[in-house]
Each structure stands twice: as C-alpha cells, then as structure tokens.
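Note sheet for the following structure.
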Amino acid sequence: MADLPTTPRRHQAAALAAATAVIAALAASPSAAQLQTRVVASGLSAPVAVAQPLPGGALYVAELGGTIRAVAQGSTSTFLSIPVTTGGEQGLLGLAFDPGYADPSSPGYRRFFVNYIDPVNRDTVVASYRASSDLTADPSSRVEVIRFDQPNGRGNHKAGWIGFKPGDPHHLYIASGDGGSANDPDNFAQNRGVLLGKMLRIDINRDDFADPAVNYAIPADNPFVGEAGVRGEIFAYGLRNPFRNGFDSATGNLWIADVGQSSREEVNFLAAASPGGQNFGWRVREGDIATPGVGGALQPGMVDPVLVYNRSFGFSITGGHVVHSARLPGLDGQYLFADYGSGRVWSRVADGSFQSMSSVTEWTSVLNAGGAGALGGIVGFGEGAAGELYIVEIGGRVVQVVPEPASVAMMLAGAGLLLALRRRQASPSRAGSPRP
Ligand SMILES: [Ca+2]
Ligand SMILES: [Ca+2]
C-alpha cells in the first residue's frame, strides 16, 4: 500500500479493476470454503426449534421438555416454561413468533405461539403467550388456540411445526402427524374428518367459537370449507410426520419435509399461490413408492414429492428453509435440509421442481470442518431476522453458519483497497498530481 501515492493513473485503474474483480468473485462464488460455523448456545436440554423475531435481538430456543430459552449477548436465561408430556416424540415441538410481534398496533404485539403435547391428556395443543420483556414471557398471558386428540398409547408422529406465511399475519399454519404407530393404522392422514396427518391453516386474529378454550376462526378461503364431513381447518393432507417445515421468506412457498417410515424420506412443495387441498399421499405412498404392506399406486389427485431419498442417505429427514443471506455464498437461494440419522446436510434449487439426490449439493464435510466441530442430531434449522442461518442439535447446541473469516478479511481488504483507490482518484491534490 505504501507505493500507492506514486502509482501512475493507468496502474491505479488496473488495480481498481483487479480489486473490483476480486470483490465480485468473492461475493458471487459458490465456493464452500467460504463457510464457517460457530456455537451460539450450548448446554441446552434437547432443543428442537429456534427463532429470532427481531434483527440483532435475542434467540429463542424451544426445548422438548417445555422450556423456551432466551439467548442474548452470550448468556442464556429462561423465557418461559410450560408443563408438557415428554417421551418418544412428545414434548414442546413448535415455536412461532407473531408477524406483528414488534408492532404495538398489531393484535399480535409481543405474542408468540407454541405447539406441545398436553401434560395430562396428551392432546396436541397450540397456545399463545405474550412477552413481557425481551427475556421474559408472561405465563398468565396464556390463551389456548386449538387442541386435538392424539390416539392413546402412541408416542410418535406428533409433527408440531407451526409458522406464518410471509405477508400474511392472520393465518397460523400447523403441521400435524398421523398420530403414531406404523402404517397409520387408523388411516388418519387420508381421513379429512380428523386433524391428524395434515397441514392446518387457521385464523388466529378472529374467533368462531363461543368456547373460551377454543380461539381461532376457520378461513373462508381454506380449500375444504363447506364440504360435509371434512374439517375446514385442513389446508393439505396425506402427511405422516411433517416435523420440520419452512416458508420461503422471499416467495411464500412452503417446503414440507415429511419423515418416512422404513423406505423413503421426502420433501413436498406447496406453492405460495396455491389455494391448498393437496393430498401428499401417506399412507398410500411413502415418498415415490407404494408404502410397503399397505400402499398402492399413485391415485388421482395425489401429489408426489419434489425430492426423495432412500436409506443410503439417511432415515429421518429434518426440513429446513430457503436460505436468504448474501453472506452465505452457495447456500443463498437454496433450500437446505438434513438427515437426523446420518447427519448429512444438503441443499437444492428452491423452485419446486423435482430434483434427484444426484444433483443436490452436499454440505456435510464443509459444515463439519467448521469451528463448531462435527454436527449431529440435527432436529431443526432457523432463519434469523436478518437471514442468519441456525442449526439446532438435539444434543444441546445451536450452531450458526457464518462466512469464513478469511473470506471476510479478504472482502474487507478488497473493499479497503477499492475505497483508497477511489479516494485517490477523487482527490488529485492529495495524490500530488494535477487533474488533466
Ligand atoms: Ca373462543
Ligand atoms: Ca408423501
């Protein structure tokens, strides 16, 4: 840098062009070497979901045992603790912050939603609470929204993800599993008269029910409203255990990752513009095949997944979301997902077309080489308010995927060089040479 003041202008121009090219390449390159990982919380008890509603604000981590932790400025405290049933796949399973969380004029101001298994009767319950500060929620603010029965003696397939479609603050989406056991023995997922094995959509800002314990409305534009014997809350059906799903924050497309039984894991796509009503096939279909023992051919109206993998890749899919972060080259714009069993992580194009596993991008070795060490037991992904990418491990950590520091240093150095050159060009007196 010391020789810059005497650099002839054409050399300055060449250096400027070179610096610009370096910065452009760094910004656009999909090179995996530019990703790093860091632990943002550890020592948690079976975390399953993470949310960050405010830019730069606290992270909220839902633990299976019923506690939500607030992680802020390096310390972890208890935000809320609720009684739940645990065991098997039961517990506190879903957490979603109201889109109006930061807006004092919104009915959703300071409100968030949880999905859990009732401590007494083991129903699935969705309830709302309000935060009294960034680090504390008010237990007395509880409002029960909806509950539905889970079959007795079955401790798995509770799904539990909840979320809001971007741009729509009134409708909460709720993923329910088939209620458990093998082969969906009561055929709940195909039965539109029950809420199991479904993607539900309810209005949380209106109330159709005089019952003080039931506080939601059925949206008039849900696909099965008015159909006899069919629950109006249903938006899509034929799901087995859609444990982790994700709305694309830019497009509103919904990515549903349905955990398979013994042969296939699958990802289903629900386009933002779709009016709903899809039948994703379970228990007739497991992924793209007839469910061994109980299945059959794809029936009219059934929708095949947009991605499927077999047991050579893993045995329990953990769905993620479409990453939107220019700081994460390669991942930006891709739908990210993992397998809980094998610990492998992949991304695919986010356009909803079918894509085979031979054309996805695998991130496992890159992520495992990061500062957080090898990842494992991945049960969820989280998208921060500024596009941050979080990974939740059931073993107790939340890990953030960040730009690799050397890449950041190079980008900063490149930007610094560019700035210096531009300043020199703009300030001929300081450069010691007259303007032409
Ligand atoms: Ca009510
Ligand atoms: Ca399916």
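The values are calculated or read from the model by the stated rules, or taken from the named source; none is laboratory data. Everything numeric here is computed off the predicted structure, so don't read it as measured data. For neighbour counting, all protein chains shown are included, and Cβ atoms are generated from backbone atoms with ideal geometry for every residue, glycine included.
Across segment 261-282, what is the number of residues that are more than 9 Å from ligand 2 (Cβ to nearest atom) and of a type in the set (D, E, K, R)?
So the count comes out to 1.
Scan segment 212-219 and tell me whether some residue there is touching a residue at least 60 places away in the same chain (Cβ under 8 Å), touching a Ser or Thr at 6+ places or on another chain (Cβ under 9 Å), within 16 Å of ligand 1 (Cβ to nearest atom) and farther than 16 Å from V306 by Cα. Give the derivation first.
Step one: of segment 212-219, the residues touching a residue at least 60 places away in the same chain (Cβ under 8 Å) are 213-216.
Cutting the leftovers down to touching a Ser or Thr at 6+ places or on another chain (Cβ under 9 Å) gives us 215.
Next, only the ones that are within 16 Å of ligand 1 (Cβ to nearest atom) stay: 215.
Now narrow it down to the ones that are farther than 16 Å from V306 by Cα: 215.
For segment 212-219, residues touching a residue at least 60 places away in the same chain (Cβ under 8 Å), touching a Ser or Thr at 6+ places or on another chain (Cβ under 9 Å), within 16 Å of ligand 1 (Cβ to nearest atom) and farther than 16 Å from V306 by Cα: present.
Checking the conditions here, which among D203, D208 is free of Cβ contacts under 8 Å to residues at least 24 places away in the same chain and away from ligand 2 (no atom under 16 Å from the Cβ)?
On the way: D203 fails: free of Cβ contacts under 8 Å to residues at least 24 places away in the same chain.
Exactly one residue qualifies, and that residue is D208.
When the residues of segment 352-367 are narrowed to those that are surrounded by 14 or more Cβ atoms within 10 Å (Cβ to Cβ), in contact (Cβ under 8 Å) with a residue 24 or more places away in the chain and not hydroxyl-bearing (S, T, Y), which ends up nearest to E265 (Cα to Cα)?
Per the stated criteria, the residue is M357.
Would you point out the residue of segment 316-351, among those that are over 19 Å from G252 (Cβ atoms) and within 16 Å of ligand 2 (Cβ to nearest atom), that is surrounded by the fewest Cβ atoms within 10 Å (Cβ to Cβ)? First the steps, then the outcome.
So the first thing to find is which residues in segment 316-351 are over 19 Å from G252 (Cβ atoms), and the list is 316-318, 326-331, 338-347.
Pick out the ones that are also within 16 Å of ligand 2 (Cβ to nearest atom) and you get 316-317.
Numbers: S316: 17, I317: 28.
The qualifying residue surrounded by the fewest Cβ atoms within 10 Å (Cβ to Cβ) is S316.
Please verify whether segment 88-104 includes one or more residues that are in contact (Cβ under 8 Å) with a residue 12 or more places away in the chain and more than 23 Å from the chain's Cα centre (by Cα).
Keep residues of segment 88-104 that are in contact (Cβ under 8 Å) with a residue 12 or more places away in the chain, which gives 88-102.
Right, trim to more than 23 Å from the chain's Cα centre (by Cα) and you get none.
No, there is no match, as no residue in segment 88-104 is in contact (Cβ under 8 Å) with a residue 12 or more places away in the chain and more than 23 Å from the chain's Cα centre (by Cα).
Looking at A250, A257, A236 in this structure, which one is under 23 Å from I378 (Cβ atoms) and under 21 Å from the mean Cα position of the chain (by Cα)?
Details: A250 fails: under 23 Å from I378 (Cβ atoms); A236 fails: under 23 Å from I378 (Cβ atoms).
Just a single option satisfies the conditions, and that option is A257.
Suppose we filter R240, R231 for residues that are basic (K, R), under 27 Å from A338 (Cα atoms) and buried (at least 17 other Cβ atoms within 10 Å of the Cβ); which single one remains?
Numbers: R231 fails: under 27 Å from A338 (Cα atoms).
Answer to the selection: R240.
Among the residues in segment 13-32, are any closer than 21 Å to P329 by Cα, modelled with pLDDT of 95 or more and among the hydrophobic types (A, V, I, L, M, F, W, C)? Working first, answer last.
Within segment 13-32, the first condition is being closer than 21 Å to P329 by Cα, and the residues that meet it are 18-32.
Restricting the remaining residues to those that are modelled with pLDDT of 95 or more gives none.
No, every residue in segment 13-32 fails to be closer than 21 Å to P329 by Cα, modelled with pLDDT of 95 or more and among the hydrophobic types (A, V, I, L, M, F, W, C).
Looking at segment 229-239, which of the residues that are touching a Gly at 6+ places or on another chain (Cβ under 6 Å) and in a loop (DSSP other than H, G, I, E, B) is nearest to ligand 1 (Cβ to nearest atom)?
G229
Is it the case that F113 is surrounded by fewer than 22 Cβ atoms within 10 Å (Cβ to Cβ), in contact with a strand residue (DSSP E or B) (Cβ under 6 Å, 6 or more places away or on another chain) and among the aromatic types (F, W, Y)?
Numbers: surrounded by fewer than 22 Cβ atoms within 10 Å (Cβ to Cβ): no; in contact with a strand residue (DSSP E or B) (Cβ under 6 Å, 6 or more places away or on another chain): yes; among the aromatic types (F, W, Y): yes.
Considered against the rule, which asks whether it is surrounded by fewer than 22 Cβ atoms within 10 Å (Cβ to Cβ), in contact with a strand residue (DSSP E or B) (Cβ under 6 Å, 6 or more places away or on another chain) and among the aromatic types (F, W, Y), F113 comes out as no.
Given the options L200, L270, name the one that is within 25 Å of S356 (Cβ to Cβ) and either touching a strand residue (DSSP E or B) at 6+ places or on another chain (Cβ under 9 Å) or within 16 Å of ligand 1 (Cβ to nearest atom) (or both).
Details: L200 fails: within 25 Å of S356 (Cβ to Cβ).
Unique residue meeting the criteria: L270.
Got at least one residue in segment 384-404 being in a strand (DSSP E or B), at pLDDT below 95 and farther than 24 Å from Q261 by Cα? Walk me through how you get there before you give the answer.
Step one: list which residues in segment 384-404 are in a strand (DSSP E or B), which gives 389-393, 397-403.
Still in the running and at pLDDT below 95: 403.
Next, from what is left, pick out any that are farther than 24 Å from Q261 by Cα: 403.
The answer is yes; a qualifying residue exists.
Out of L93, L44, report the one residue that is crowded, with 22+ Cβ neighbours inside 10 Å and part of a loop (DSSP other than H, G, I, E, B). Before you say what the answer is, go through the steps one by one.
Details: L93 fails: part of a loop (DSSP other than H, G, I, E, B).
Checking each option against the conditions leaves just L44.
If G226 satisfies all but one of (1) more than 16 Å from ligand 1 (Cβ to nearest atom); (2) within 22 Å of G108 (Cα to Cα); (3) surrounded by fewer than 18 Cβ atoms within 10 Å (Cβ to Cβ), what's the number of the condition it fails?
In the conditions (1) more than 16 Å from ligand 1 (Cβ to nearest atom); (2) within 22 Å of G108 (Cα to Cα); (3) surrounded by fewer than 18 Cβ atoms within 10 Å (Cβ to Cβ), G226 misses (2) alone.
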